[in-house]
């Protein structure tokens, strides 16, 4: 049996499913379909014995999210961090470099963290099939059999069979996202959707990159050779990786190589590219309505509601998606699902913070969430996981008052250490050196009241930090 080294790409921002997906918490870390995130769903597939311990390639901002979600599903992985974003071409080159360390003929599977596969057993079987072809020297992609003339995907034109079994085909061409008429013709002529999953031998991909994109190959090799271990993460060398051109693996290799092959796939695949796709993947009632969280639909069909906190209601309006978060509401006609990215671009141009960040900000120790704010005050809810601690720090412009509502806080204040229990509080004056830790077995939850002339997050001077943040 050919063993497969899976590499999960986990660095995208997923603006098409805003407002749940934002830069601070992108869609691969959200439970869009089912209880787990799409990243965790991908990890579940890799439990088959054919797969080696995966490599996860992400960026520096998401490192603790990746580690936390791995821990939630009790999975191990080597986490590789990109110091700057450089699209899929350099990321695949890095994957090939790490794979080659185990052996030049190591079979790599490059998988996306934000896709969903409904037929998991079928997907694993196709991975084994693709790996066998990759062992022969082909760079293999999974081509999804279209369910209709979709205009949101690139297409693959399959050619002659390249295996004796006749189940893997040469790629005769990659084509960009078409208009409706062209997509209808592609479907009729047997074209396949480009799923973005790739299988290759490490040495084959290295050779193709050296031929077609030598700058990427050189930058990736140098970035891996000079990488450093930081806590549980492998950090690529920033200067070396920054030299890599920003280009997708499709343009860099797949559309130029003569080694491209495709395996037709009918596995219930979706890239969960917009809210319409989420609705299609969700459980629906006899009227086509899907509700997640607090929602009510009356006299309407094909409605999708998502609201974890606020009651959201739809009456007499068909074919709409309503997504309600703490600080934003999206009302969308399902036919305009691809317009959400344009909306987010507009929000960014207008300087709206909701375009990028949630009210809840995740940190390696837990999270904090804005509750209220004014000219000289801000109120936050803070949750610290068991055994974790914030940095030892001080502020120049604000004082803080911490009120514990659950658990016990171990608070360092200058040269003193205090245990603060439920329904107790402690005051931290401006300039005091302080730290909060959770020594208990349950989450520590508290309310923080900040007062002062400046309340920005950059008014933090970190003196010590167990997470190696600057």
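Among the residues of region 285-311, the ones that are in a strand (DSSP E or B) and either under 27 Å from the mean Cα position of the chain (by Cα) or not assigned by TED's automatic domain parsing to the domain that holds residue 336 (or both) come to 13 in all.
Can you give me the number of residues within region 149-174 that are modelled with pLDDT under 90 and within 30 Å of the chain's Cα centre (by Cα)? Total meeting the criteria: 4.
All conditions but one from (1) farther than 16 Å from residue 273 by Cα; (2) modelled with pLDDT of 90 or more; (3) surrounded by fewer than 17 Cβ atoms within 10 Å (Cβ to Cβ) apply to residue 1; the one that does not is (2). Check region 57-64 and report whether any residue there is farther than 30 Å from residue 329 by Cβ, part of a strand (DSSP E or B), within 16 Å of the chain's Cα centre (by Cα) and in the same structural domain as residue 141 (by TED's automatic domain parsing). There is at least one residue in region 57-64 that is farther than 30 Å from residue 329 by Cβ, part of a strand (DSSP E or B), within 16 Å of the chain's Cα centre (by Cα) and in the same structural domain as residue 141 (by TED's automatic domain parsing). Quick one: is residue 444 over 29 Å from residue 326 (Cα atoms), in contact (Cβ under 8 Å) with a residue 12 or more places away in the chain, crowded, with 16+ Cβ neighbours inside 10 Å and not assigned by TED's automatic domain parsing to the domain that holds residue 62? No. Look at residue 71 and say whether it is part of a loop (DSSP other than H, G, I, E, B), at pLDDT below 95 and farther than 24 Å from residue 266 by Cβ. Considered against the rule, which asks whether it is part of a loop (DSSP other than H, G, I, E, B), at pLDDT below 95 and farther than 24 Å from residue 266 by Cβ, residue 71 comes out as no. Per the listing 295, 316, 351, 288, the residue uniquely modelled with pLDDT of 95 or more and within 21 Å of residue 457 (Cβ to Cβ) is 351. So, in region 357-379, how many residues would count as being touching a strand residue (DSSP E or B) at 6+ places or on another chain (Cβ under 7 Å) and either in the same structural domain as residue 24 (by TED's automatic domain parsing) or under 25 Å from residue 13 (Cβ atoms) (or both)? So the count comes out to 12. For region 358-389, the set of residues classified as on the phi < 0 side of the Ramachandran plot, loosely packed, with under 15 Cβ neighbours inside 10 Å and either free of Cβ contacts under 8 Å to residues at least 12 places away in the same chain or assigned to a loop (DSSP other than H, G, I, E, B) (or both) consists of 372, 374, 375, 376, 386, listed by residue number. Taken over region 107-116, the criterion of being crowded, with 23+ Cβ neighbours inside 10 Å, in contact with a strand residue (DSSP E or B) (Cβ under 7 Å, 6 or more places away or on another chain) and either farther than 20 Å from residue 256 by Cα or modelled with pLDDT under 95 (or both) is satisfied by 107, 111, 113. Counting only helices (runs of 4 or more DSSP H) that sit wholly inside region 183-283, those with at least 1 residues that are touching a helix residue (DSSP H, G or I) at 6+ places or on another chain (Cβ under 7 Å), crowded, with 24+ Cβ neighbours inside 10 Å and in the same structural domain as residue 91 (by TED's automatic domain parsing) are 202-212, 214-225, 238-242. Is region 343-352 home to any residue that is more than 15 Å from residue 16 (Cα to Cα) and part of a helix (DSSP H, G or I)? For region 343-352, residues more than 15 Å from residue 16 (Cα to Cα) and part of a helix (DSSP H, G or I): present.
For region 6-20, the set of residues classified as part of a strand (DSSP E or B) and touching a helix residue (DSSP H, G or I) at 6+ places or on another chain (Cβ under 8 Å) consists of 7, 8, 9, listed by residue number.
For region 326-338, enumerate the residues that are closer than 26 Å to residue 369 by Cβ and modelled with pLDDT of 95 or more. Selection gives 328, 329, 330, 331, 332.
Could you list all residues from region 137-151 that are outside any loop (DSSP other than H, G, I, E, B) and without any contact (Cβ under 8 Å) to a residue 60 or more places away in the chain? Residues satisfying the conditions do not exist here. Only one entry in 382, 403, 463 is in contact with a strand residue (DSSP E or B) (Cβ under 7 Å, 6 or more places away or on another chain) and under 23 Å from residue 24 (Cα atoms), namely 382.
The values are calculated or read from the model by the stated rules, or taken from the named source; none is laboratory data. Only a predicted model underlies this, so the values are computations on that prediction, with no experimental measurement involved. Cβ sites come from the backbone with ideal geometry, for glycine too, and all protein chains shown count toward neighbours.
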